[in-house]
Every structure is written in structure tokens, then in C-alpha cells.
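Everything on this sheet refers to the single structure shown next.
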Amino acid sequence: MSDHNCIFCKIIAGQIPCLKIYENDRILAFLDIGPVSEGHTLVVPKKHTTCVDQTDPEIMSEIGKVLPALAASIREAMGADGYNVLCNNGASAGQVVEHMHVHIIPRKVNDGVFNQWPSFQYPDGKAAAIAEKIQQNLTL
Ligand code: 5GP
Ligand code: ZN
């Protein structure tokens, strides 16, 4: 259920304080202590899990259910033009806290928080081969 070394499990257990935004029996949302922008909020499942592919789809769906209202309240409260919803999975993707969490990061035009999304072009045929490989691994 919880990991004794996990900082978010300690927050969920009330052993470490947080600025709570929302809570239900499965989900907690609280302000990030090191925000990228004012109002930066984290949404976490109360049951410890490391990343999206290790998380019960029911829990992901609970997170999905609360995201629209959370995003709307954050956007309104911060006077944001938009927001990023993102989730880092694994150290290579920038995950530091190994308890699955979704970031909601309010954004304003020209805020300079993230600039260009890196992108490239697939060489001929590669995209189709990759799509097929991913489909072959899909368990849905
Ligand atoms: P990650 O890089 O793992 O996706 O993001 C972890 C986030 O957790 C960071 O944005 C960091 O500021 C936040 N964080 C780490 N420790 C604490 C804490 O003790 N309290 C709160 N509220 N946020 C934390
Ligand atoms: Zn945890």
C-alpha cells in the first residue's frame, strides 16, 4: 500500500505537511514544493505505485476523473492562459520521486517555462515499423 522511504507516501500519511488542494479516498492533489510556475500542482494516487504502466487502470481512471475540475480551478485561480498536464515516468524521463504523479503546470503566454518541443522527422518506413512494433506489445 505504501513505501516507507517514499516522500509522497509520507505526505499521504500526514507525516510530512503539504498544501492540499483536493483529496478523496484514492487521490490527493497538493502544491508542488518546487514549482515551475505559481499554482503548479501534483496529483497522486494514495496507493504507492511507481509509474503509469505499473498503475492499476482503475486508479488512472480516478486521476482522469478529477483532472478536468482541478485543471479548471488552477487555470482560473492563477489567471493562466493554459496549462501543461504531464507525467515523468522513469529517471530517463525526468522522474525524481518514484511515486507516480501527474503535474498540472499553469502557463501564460511568453512565460518562458518550456520553449520548443523537440521534434524530428522519421526516415521513410520507420514510423510504420514503430507503430506495428508498439501494437504487437499492446495488451489491450
Ligand atoms: P518528478 O521530477 O519526479 O516528475 O517531480 C517531482 C516533483 O515533486 C518535483 O516537482 C518536486 O518539486 C516535487 N516535490 C519533491 N518533494 C516534495 C515535497 O516534499 N513536497 C512537495 N509538495 N513537492 C515535492
Ligand atoms: Zn509512495
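A short reminder: the numbers here are calculations on the coordinates, not readings from a lab. Source: prediction; values computed, not measured. Glycine also receives a Cβ, built like all others from the backbone with ideal geometry; neighbour counts cover every protein chain displayed.
Note on Q136 and C51: with the Förster distance fixed at 22 Å, the Cβ-Cβ geometry gives a FRET efficiency of about 0.55. Counting only cysteine Cβ atoms and a cutoff under 4.7 Å, the chain contains unmatched residues C18, C51, C87. Axis angle, to the nearest 10 degrees, between helix 126-137 and the longest C-alpha principal axis of the chain: 60 degrees. Placing +1 on each Lys and Arg Cβ and -1 on each Asp and Glu Cβ, with no other charges, gives the stretch 7-137 a dipole about its Cα centre of roughly 120 debye.
Classify the stretch 1-70 as rounded, prolate or oblate, taking a ≥ b ≥ c as the square roots of the eigenvalues of its Cα gyration tensor: rounded when a/c is under 1.5, otherwise prolate if a/b is larger than b/c and oblate if not. It comes out oblate by the Cα gyration axes. Taking every DSSP helix (H) stretch of at least 4 residues in the chain, weighting each as -39,500 (n - 2.57) and dividing the sum by the residue count yields a mean residue ellipticity at 222 nm of -9000 deg cm²/dmol.
When each of the peptides 118-127, 34-43 is scored by how many other beta carbons lie within 10 Å of its residues on average, the order from highest to lowest is 34-43, 118-127. The angle between the Cα long axis of helix 57-78 and the longest principal axis of the Cα atoms of the chain comes to about 70 degrees, rounded to the nearest 10.
I'd like to compare 92-98, 6-12: which one has the highest average count of other Cβ atoms within 10 Å, and what's the full order after that?
Values: 92-98: 11.6, 6-12: 19.0.
Descending mean neighbour count gives 6-12, 92-98.
With charges only on Cβ, +1 for K and R and -1 for D and E, what is the dipole size of the stretch 31-80 about its Cα centre, in debye, rounded to 20? The calculated dipole for the stretch 31-80 is roughly 80 debye.
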